[in-house]
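J.: Shown below is the structure under consideration.
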Ligand SMILES: [Zn+2]
Ligand SMILES: [Zn+2]
């Protein structure tokens with residue numbers, strides 16, 4: 001998974017729009033548009049690494065900054081042998097940040113796809 005995809009999945013799971021996140025993060029209303037554009041660039045992997053901005057996002061939503069950094073490491077060095085936790089391709093949850101619902105915490109659907117039980121099965 002790319003760092004941008006991870007950020008996007010976690011934001012979507014938290015139920016935030018990029019514009020709403022920009023309002024919270026921006027120091028002044030005049031900064032909002034530029035930050036919203038930057039968030040888009042981060043999520044599209046046009047910006048591979050922006051620690052400061054993603055740390056601000058992690059303060060607002062359930063996003064694991066260390067996982068972001070690990071994914072940045074992979075994006076910069078695909079040969080990296082760093083361990084990377086299993087990440088749900090539907091919502092970006094991980095074992096230490098599972099989805100909570102009335103049925104309890106999510107688990108993995110199966111061993112073939114990285115899809116948690118809170119997400120619909122992958123369509124491929
Ligand atoms: Zn999921
Ligand atoms: Zn989950």
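J.: Which count do you get for residues in the range 63-85 that are at pLDDT 95 or above and touching a strand residue (DSSP E or B) at 6+ places or on another chain (Cβ under 7 Å)?
T.: The total comes to 2.
J.: Here is a further query. Would you confirm, using the coordinates I've provided, whether residue 121 is at pLDDT below 95, farther than 16 Å from residue 4 by Cβ and touching a strand residue (DSSP E or B) at 6+ places or on another chain (Cβ under 6 Å)?
T.: no
J.: Six or more apart or on different chains, Cβ under 6 Å: which pairs go from a residue in the range 1-25 that's surrounded by fewer than 20 Cβ atoms within 10 Å (Cβ to Cβ) to one that's outside any helix (DSSP H, G or I)? Could you list them?
T.: Final answer for the pair search is 1/87; 2/45; 14/61.
J.: Using the structure shown, decide if residue 73 is under 22 Å from residue 47 (Cβ atoms) and buried (at least 17 other Cβ atoms within 10 Å of the Cβ).
T.: Numbers: under 22 Å from residue 47 (Cβ atoms): yes; buried (at least 17 other Cβ atoms within 10 Å of the Cβ): no.
When the stated conditions are applied, residue 73 does not pass them.
J.: Now for a separate question. Determine whether residue 106 is in contact with a helix residue (DSSP H, G or I) (Cβ under 6 Å, 6 or more places away or on another chain) and not assigned by TED's automatic domain parsing to the domain that holds residue 26.
T.: On the way: in contact with a helix residue (DSSP H, G or I) (Cβ under 6 Å, 6 or more places away or on another chain): no; not assigned by TED's automatic domain parsing to the domain that holds residue 26: yes.
Spelling it out, it is not the case that residue 106 is in contact with a helix residue (DSSP H, G or I) (Cβ under 6 Å, 6 or more places away or on another chain) and not assigned by TED's automatic domain parsing to the domain that holds residue 26.
The values are calculated or read from the model by the stated rules, or taken from the named source; none is laboratory data. Every value quoted in this text rests on a predicted model; they were computed, and no experiment measured them. Please note: Cβ atoms are built from the backbone with ideal geometry, for glycine as well, and neighbour counts cover all protein chains shown.
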